[in-house]
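Enquirer: There's a structure below that I have some questions on.
Just so it is clear, none of the values below were taken in a lab; they were calculated from the coordinates. None of the values given here were measured: they were computed from a predicted structure. Backbone-built Cβ (ideal geometry, glycine too); neighbour counts: all protein chains shown.
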Amino acid sequence: MNDIKTHVSPPETSAPDTAEQSFSADTGFKLFAALGPVPDAITLFLDDQPIIARQGDTVAVCILRTGVPYNRLNPVSGAPRLPYCMIGHCFECLVEIDGIANQQACLTVVRDGMKIRRQLGAPLALKHPEV
Amino acid sequence: MTQDNIPPYDADVIIVGCGPAGMTAAVELVQAGCSVIVLDMQPTPGGQIFRNLEANLRDSSPSGQTLLDALGPAYKAGAELIQRFRTFRGIDYRPQTTVWEVRPDGTVGWLQGINAGYVRGRQVLLAHGAMERPVPFPGWTLPGVMTAGAVQTLLKAGHLKPTGNVVLAGTGPLLLLLANQLHQLGIKPALIGRTDRFADALSGVSHLRPGGLLPLIKGLGWVARLKAAGVKSVTGLKDLAAHGHRKVEAISFTANGRQQTQACDLLIVHDGIVPSIDIPNSAGLRLQWDEANASWRPDTTFDGQTASSLPPELYAGRCVIRVTGDARRIGGADAAMAHGRLAAQSILADLGRGTGPCSKAVRSVRKSLSVRPFLDAVFPPGLSRALPENDTIVCRCEELTAGNLREKIRSGFRNMDALRGETRCGMGPCQGRSCMVTAARLLQEHTHATACPPTFRGRPPIRPIPLGAIANLSGLDPRATIRLTLEDKPEHGVEETVDVPAE
């Protein structure tokens with residue numbers, strides 16, 4: 001993983017580049033499964049990959065639906081994090097949404113075509129050994 | 001500038017939060033002819049308990065029906081209130097709006113998308129609810145550890161259910177309720193590890209009031225159903241730890257006197273809920289310590305009236321903030337609705353439009369809260385009971401361990417703000433929401449102080465705001481609001497330099 005430009009790069013230059021970063025339906029990491037088919041799905045982009053969402057979903061729900069192993073790396077140690085409380089208290093679900101960093105994914109409702117980026121920049125810039 | 005030039009209030013009452021308490025109060029106030037603004041973080045009314053209820057009731061798909069059945073009648077019970085709330089066009093309802101400042105004079109700072117501003121109410125009612133008690137244990141920051149409330153939110157608002165090895169650990173009605181809901185959705189938890197013990201249940205009996213019988217029967221039913229389904233369960237769980245490389249793979253714990261391990265993909269933790277004090281604390285409201293619940297709560301009268309802890313030379317006016325619902329006392333949806341009505345009636349009296357709470361409203365609050373002593377005794381804080389070992393992370397944002405904090409406390413950082421300034425504990429994005437209570441208890445462990453433990457001094461903005469939004473703040477009229485500077489905060493001058501050891 002060497003994509004240090006996650007926060008600043010234009011979308012087309014930063015595709016996920018390791019097995020762990022990819023999040024197809026069969027990564028084996030899925031903590032959650034959909035209760036049923038997703039009706040009237042809209043499309044968002046998570047690190048440039050198209051993902052589906054229901055109208056009214058929060059971004060955090062969509063992130064967990066994909067099975068992505070983390071939405072950010074803690075800037076102190078580089079440790080991976082996923083949403084923890086889902087109600088706006090813990091701030092673990094921070095992501096970049098349409099170019100604005102540090103958005104709470106659990107409080108942000110999806111819009112068609114929304115561009116979400118995981119926050120991996122700080123630990124990479126600080127060259128944490130974990131990353 | 002004379003008083004006449006002060007711009008008018010934006011509303012008679014500003015309500016923060018649109019759960020059972022906020023909605024009930026809003027309806028009561030609007031019916032009495034008040035103008036009301038309701039600010040809420042969520043996209044739809046209902047609060048956490050009735051989260052996404054409107055959409056789920058409209059969902060006629062088979063999976064939608066299965067979900068409604070699993071969530072049960074207590075969830076659907078919110079439909080009538082939400083519908084009533086929606087009916088009143090006079091309620092200025094502003095969803096997806098966060099509150100980042102509240103002042104004792106009724107000024108409220110809001111953020112919606114990239115727009116921010118202030119609104120002023122003659123009265124403010126805080127109905128912002130509760131949070132799950134923070135539970136620092138080894139591995140609680142690993143992906144795959146989530147709170148019970150989070151998993152319920154994913155069910156209600158995300159139509160997502162857990163997969164793989166699911167373990168529930170902790171205590172409280174919500175943990176058992178969620179285990180039952182999961183079971184109804186065809187998920188058999190690998191283990192339910194309860195920190196409460198049979199002895200707690202026995203000690204609870206003496207607190208049992210008639211109002212507690214129904215919840216008791218409900219709870220026993222949940223336990224019985226899980227047992228009948230063959231779900232493995234332990235009580236008296238201690239020493240919980242999550243293990244794994246970059247995600248949870250297993251957990252370990254002590255129960256029945258021996259250490260045990262369990263494979264685990266999703267660890268759902270819950271240690272009861274506590275009033276959310278981020279807004280009251282930053283508003284400079286007086287707090288009190290609730291010993292039985294090991295948590296702070298706003299210091300309020302029965303009808304929710306708060307008191308400002310700002311010194312009189314700064315703000316001599318009346319504090320116009322009330323707190324209601326779980327933000328005041330944990331009591332659940334029924335208690336929140338009862339208190340929302342009571343608080344609204346008190347507000348009406350303050351505004352000269354009523355005679356104060358009716359005896360029915362008072363009785364209904366008392367009755368709905370009467371079950372709490374029983375529940376508090378049966379489900380005492382468990383996962384958070386013992387203070388964390390030195391290598392356990394306390395501050396998730398800044399990754400500070402209990403050992404980091406103990407070392408600084410020993411070396412002389414003996415007040416919360418000095419400790420925060422020195423370590424950055426509480427300075428990350430969550431602004432102390434997850435670590436403050438543990439930091440305060442670690443301080444207490446050293447000082448053996450018995451009074452209400454001090455908090456980090458809360459300062460606005462208590463939620464992140466884009467700089468552009470601050471630059472374009474609307475509704476800020478210096479003539480119409482008290483102005484507070486950093487020096488104006490309570491306790492200024494109390495923070496002796498002796499608390500900060502010389503380098």
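Enquirer: How are the alpha carbon pair distances in chain B distributed across 10 Å bins from zero to the largest one, expressed in percent?
Expert: Taking all Cα pairs of chain B, the binned fractions are 4, 18, 28, 28, 16, 5, 1, 0 percent.
Enquirer: Work from the charge dipole of the protein assembly as shown (Cβ charges, +1 for Lys and Arg, -1 for Asp and Glu, about the Cα centre) and give the residue of B:A32, B:P43, B:Y9 farthest towards its positive end.
Expert: B:A32
Enquirer: Okay, moving on. So how strong a dipole does the protein assembly as shown carry about its Cα centre when Lys and Arg Cβ are +1 and Asp and Glu Cβ are -1, to the nearest 20 debye?
Expert: My answer is approximately 1720 debye.
Enquirer: If I model a spin label at B:I470 and B:Q288 as a point 7 Å from the Cα along the Cα→Cβ vector, what separation in nanometres do I get?
Expert: 3.6 nm
Enquirer: Charges on Cβ only, +1 for Lys and Arg, -1 for Asp and Glu, centred on the Cα centroid of the range B:145-271; of B:A229, B:P173, B:P215, which one is farthest towards the dipole's positive end?
Expert: Looking along the dipole axis, the top candidate is B:A229.
Enquirer: When the Karplus curve 6.51 cos²θ - 1.76 cosθ + 1.60 is applied with θ = phi - 60°, which whole-Hz ³J(HN,Hα) does each residue of the range A:31-46 get, with x for Gly and Pro?
Expert: Along the range A:31-46, the couplings run 7, 9, 10, 5, 5, x, x, 8, x, 6, 5, 10, 10, 10, 10, 10 Hz.
Enquirer: Quick one: pull the percentage of alpha-carbon pairs in the protein assembly as shown with a separation above 44 Å.
Expert: In whole percent, the long-distance tail amounts to 16.
Enquirer: Over all directions, the average projected area of the alpha-carbon convex hull for the range B:145-271 comes to how many nm²?
Expert: Average of the hull's projected areas for the range B:145-271 equals 8.3 nm².
Enquirer: While we're on this one: Based on other C-beta atoms within 10 Å, arrange B:R420, B:R197, B:R103 from fewest to most.
Expert: Sorted ascending by nearby Cβ count, the order is B:R197, B:R420, B:R103.
Enquirer: Using only the alpha-carbon atoms of the range B:53-158, report the extent along each of the three principal axes, biggest first, to the nearest angstrom.
Expert: Principal extents (Cα only, largest first): 46, 45, 26 Å.
Enquirer: For a 28 Å ceiling on Cα separation, which of these pairs sit above it: B:K188/B:K238; B:K156/B:K232; A:K127/B:K161; B:K161/B:K367; B:K188/B:K367?
Expert: Over 28 Å apart, Cα to Cα: A:K127/B:K161; B:K161/B:K367; B:K188/B:K367.
Enquirer: Of B:F253, B:F302, how do they rank once you tally other Cβ atoms within 10 Å and put the fewest first?
Expert: B:F302, B:F253
Enquirer: Please list, in order along the range B:344-350, the HN-Hα scalar couplings obtained from phi with the Karplus expression 6.51 cos²θ - 1.76 cosθ + 1.60 (θ = phi - 60°), rounded to whole Hz, x for Gly and Pro.
Expert: With coefficients 6.51, -1.76 and 1.60, one gets 4, 5, 5, 4, 4, 5, 4 Hz.
Enquirer: Below 8 Å, C-alpha to C-alpha, sequence gap of six or more: please give me the relative contact order for the range B:145-271 in percent.
Expert: Relative CO of the range B:145-271 lands at 36 percent.
Enquirer: Kindly state, to the nearest 0.05, the FRET efficiency for B:Q112 paired with B:N256, given R0 = 41 Å and r defined as their beta-carbon distance.
Expert: 0.20
Enquirer: What would the Debye equation give as log₁₀ I(q)/I(0) for the range A:35-131 at q = 0.13, 0.16, 0.19, 0.25 Å⁻¹, counting only Cα atoms as equal point scatterers?
Expert: -0.42, -0.63, -0.86, -1.34
Enquirer: Using the 10 angstrom Cβ neighbour count as an exposure proxy, how do A:E92, B:E389 rank, fewest first?
Expert: By the 10 Å Cβ count, ascending, the order reads B:E389, A:E92.
Enquirer: So if each residue of separation counts as 0.36 nm, and I subtract the Cα-Cα distance between B:D477 and B:K360, what length gain in nm does that give?
Expert: 38.0 nm is the gain from fully extending B:D477 to B:K360.
Enquirer: Note down the magnitude of the dipole of chain B about its Cα centre, charges +1 on Lys and Arg C-beta and -1 on Asp and Glu C-beta and zero elsewhere, to the nearest 20 debye.
Expert: The calculation lands at about 1540 debye.
Enquirer: Under unit Cβ charges (Lys, Arg +1; Asp, Glu -1), what dipole magnitude, rounded to 20 debye, does the range B:93-175 have relative to its Cα centre?
Expert: So the magnitude is around 200 debye.
Enquirer: Looking at the range B:18-96, which trypsin sites (Lys or Arg not before Pro) are DSSP coil and have at most 14 other C-beta atoms within 10 Å of their C-beta?
Expert: Here the trypsin sites (Lys or Arg not before Pro) that fit, given the DSSP loop and packing criteria, are B:R89.
Enquirer: In percent, how large is the relative contact order of the range B:393-461, given Cα pairs closer than 8 Å and 6 or more residues apart?
Expert: Relative contact order comes out at 35 percent.
Enquirer: Is the C-alpha gyration tensor of the range B:225-380 telling us rounded, prolate or oblate? Criteria: a/c under 1.5 is rounded; beyond that, a/b larger than b/c is prolate, otherwise oblate.
Expert: Judged from the Cα gyration tensor, the range B:225-380 comes out prolate (a/c at least 1.5, a/b above b/c).
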